[in-house]
Amino acid sequence: MRAHCSSWRIATAGLALGICLLVVPSRDRAADDEKDVRDEVLRIADLIARNDGDGARKRAKTLPADLDPEDVMSVLSPRKRKGGGVGLGPKPGEITPDGIEQKVQVLAEKKRLTQKALDKQAQALERAGYIAAAAALAVQDRPPVRGTKARKDWKKWAGDMHEAARDFAAAAKAKNPARVKNAATKLKDSCIRCHQGFRDLAIAESIQNLKHEDPFIRSNAARSLGLTGSAQDAGVIPHLIQALDDKDKEVRRSAAESLAKLAVGSLRDLGLYKTNFPVVNASLRDADNDIRFWFTFKLKRVPPDTRKLIPVLVEALKHPDDDLRARAADLLGCLGPEAKTAAAALGERLQDASLDVRRAAAGALLRIRADGAIPALVASLGDKDPIMRGRAGVALARMGKTAVPALAEALKGKDRYARAAAVYALGRIGADARPAVPALLDMLKGKDPYLRAVAASALKKIDPKAAAGAGIE
C-alpha cells in the first residue's frame, strides 16, 4: 500500500457493484493513472472472456502492490464525456443507464428485460460481466485493511463477486431474460454482503486507531467513524464519546464532528444525555470553538433532555467567550417553554456588553415566554439596537395581558424609543391591553408626532371605540 492506513480517508462507491467500502488515499489521482488501471482491467476482462482464468489471475497479480481499489472499481461507474467508467456498448448512451454498476442494479430490481431488448443488449451485458469479474480479480489480493481475518474476508468477498459476475456474463451470452435477472440479483447481493462485511472491518480498525499514540492517526480514525459508522453500530458512539476527552484538540474536534453527523438531527438519538452527560458538558465548554460549534449546531435541531441540559447552558451564559454565551442563549430558546427556569439568567444577559448575546437572549425569551422575564424585557425596550427593541417588544406581546401593567408603566418613561416599543407591544396584544388605554390617550396629547402616531395605531387595535372617541379614524 502506498501509505499508512491511518492516513487514508474512507469513501464509498455509490451503487450496487461499487458500494464495497473502500479505504482510499487522500491525494488526487492523476487521469493517466486512472486510464492505466482501466486498461489493465480491460485486458484482464479479455482473458476472462476467452475463458483463460489462469491467464487472468496471473495478469491481476502483476498489478502494482499499492493499487488503489477505488481506481479499479471506478470502471464500473457511469460513463462520462471525460473520465468516468467504461459504460455499456461502443456508443455512449446507446444503453441506459450507461454504467455497469447502475445497469446491474436496474436489472436486479426492475422487471426483467424483454427478449427483444436482451437480444439487442446481450453483447454489451456479457462484456460488462467480464469487466466486473476482472475488477473483482484485480482487487482480490489487495485488501485495503490490515489483519489476517480482514484480508481473508476481503478475498472471499471479492471472489464471490468475481464468480457472480462471470455467471452474469454467461446469462447474457445465453440471451435468457430470466437468467440475466437472477444473475444480476446475485451479483448485486454479493456486493452488498461485501459492503456490510468490509464496513464492519473498517469500523473496527478505526476504533482501534482511536487508541494510537499518534494524535494525527486518532483524529483520522474519529473522522472516519463519522463517515462509515452509524448510531446503531456497537462501539462507535462510546468510543467517539471517549475521544471527546482526548488531550489533542484535533482529535476532540473530529470526534465532535462525527458525533454530530451520526446524530442525524439530534444528539438525543445517541443517548448522550443519560449516560455520558458530563462529557457533553465538557464539550459544550471546550476551549476550542469548532468543537463547541458541532455540538451547539446539532443540539439546536431537536431539543434533548432539558432537565440535564438547562443547568449546563445557564452556566455557559457566564462564560467569558461572547460566542459561547450567545450560543447558550440561542439553545435555551430552542428548548421553548421547558426552559422557563432559565428566564432569570437570560434576563441578565439582556444587559450583556455583547450585542450578539443580548439579541440571542431576547430571542430566547421570546420563545420561552416566561413571565419572570417581563421586567428585564421592559428594560430592554430602551436598548440602542433596534433589533433588540423589536425582539423585546415581540416577546412582551407574546406574554399577553400579564405584560400589560409593566408596558403601561413603560409609557411614562422618558426614552422615546422605549416608549414606542412598549406601544408596539401593547398594540400586538390587542383587546387584552385595554388597561393601558388611558396611558395611550395621554400620549396622544404629547408633542412628539412619532409617538402620537404609534399610539393612535395601537389604540385602533386595542379599543376601536376609544380610538374613535379620540378622533382617530
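Couple of notes before you dig in:
- Residue ID - farthest from the chain's Cα centre (by Cα), chosen from residues in the stretch 348-395 that are of a type in the set (Lys, Arg) and within 11 Å of Ala421 (Cα to Cα): Arg389
- Of residues in the stretch 300-351 being modelled with pLDDT of 80 or more and outside any helix (DSSP H, G or I), the one farthest from Arg369 (Cα to Cα): Pro320
- Per-region count, the stretch 206-222, residues touching a Lys or Arg at 6+ places or on another chain (Cβ under 8 Å) and crowded, with 22+ Cβ neighbours inside 10 Å: 4
- Among the candidates Asp71, Asp98, residue that is outside any helix (DSSP H, G or I), charged (D, E, K, R) and within 21 Å of Arg38 (Cα to Cα): Asp98
- Of the residues making up the stretch 326-352, those that are of a type in the set (Lys, Arg) and surrounded by fewer than 22 Cβ atoms within 10 Å (Cβ to Cβ) number 1.
- Of the residues making up the stretch 413-443, those that are touching an Asp or Glu at 6+ places or on another chain (Cβ under 7 Å) and not aliphatic (A, V, I, L, M) number 2.
- Residue check for Arg112: assigned to a loop (DSSP other than H, G, I, E, B), surrounded by fewer than 20 Cβ atoms within 10 Å (Cβ to Cβ), under 32 Å from the mean Cα position of the chain (by Cα) and modelled with pLDDT under 90: no
- Sole residue being buried (at least 19 other Cβ atoms within 10 Å of the Cβ) and either assigned to a loop (DSSP other than H, G, I, E, B) or among the charged types (D, E, K, R) (or both), chosen from Arg428, Arg398, Arg389: Arg389
- Cβ-Cβ under 6 Å pairs, at least 6 apart or on other chains, the stretch 392-403 side touching a residue at least 40 places away in the same chain (Cβ under 8 Å), far side of a type outside the set (Gly, Ala, Ser) and crowded, with 24+ Cβ neighbours inside 10 Å: Ala392/Leu377; Ala392/Leu381
- Residue selected from the stretch 41-82 under the condition small (Gly, Ala, Ser) and surrounded by 14 or more Cβ atoms within 10 Å (Cβ to Cβ), by the criterion modelled with the lowest pLDDT: Ser74
- The stretch 97-122: number of residues that are closer than 26 Å to Asp71 by Cβ, touching a helix residue (DSSP H, G or I) at 6+ places or on another chain (Cβ under 8 Å) and among the polar types (S, T, N, Q): 1
- Take the conditions (1) at pLDDT below 85; (2) in contact with a His (Cβ under 9 Å, 6 or more places away or on another chain); Ala132 misses just one of them, which is (1).
- Reported count of residues in the stretch 409-423, each being under 18 Å from Ala466 (Cβ atoms) and under 45 Å from the mean Cα position of the chain (by Cα), is 2.
- If you go through the stretch 433-451 and pick out every residue that is part of a helix (DSSP H, G or I) and exposed (fewer than 15 other Cβ atoms within 10 Å of the Cβ), you end up with 5.
- Test result for Ser206, under 18 Å from the mean Cα position of the chain (by Cα) and either at pLDDT below 80 or more than 30 Å from Cys334 (Cβ to Cβ) (or both): no
The values are calculated or read from the model by the stated rules, or taken from the named source; none is laboratory data. Not measured: the values here are computed from a predicted model. Note: ideal-geometry Cβ built from the backbone for every residue, glycine included; neighbour counts use all protein chains shown.
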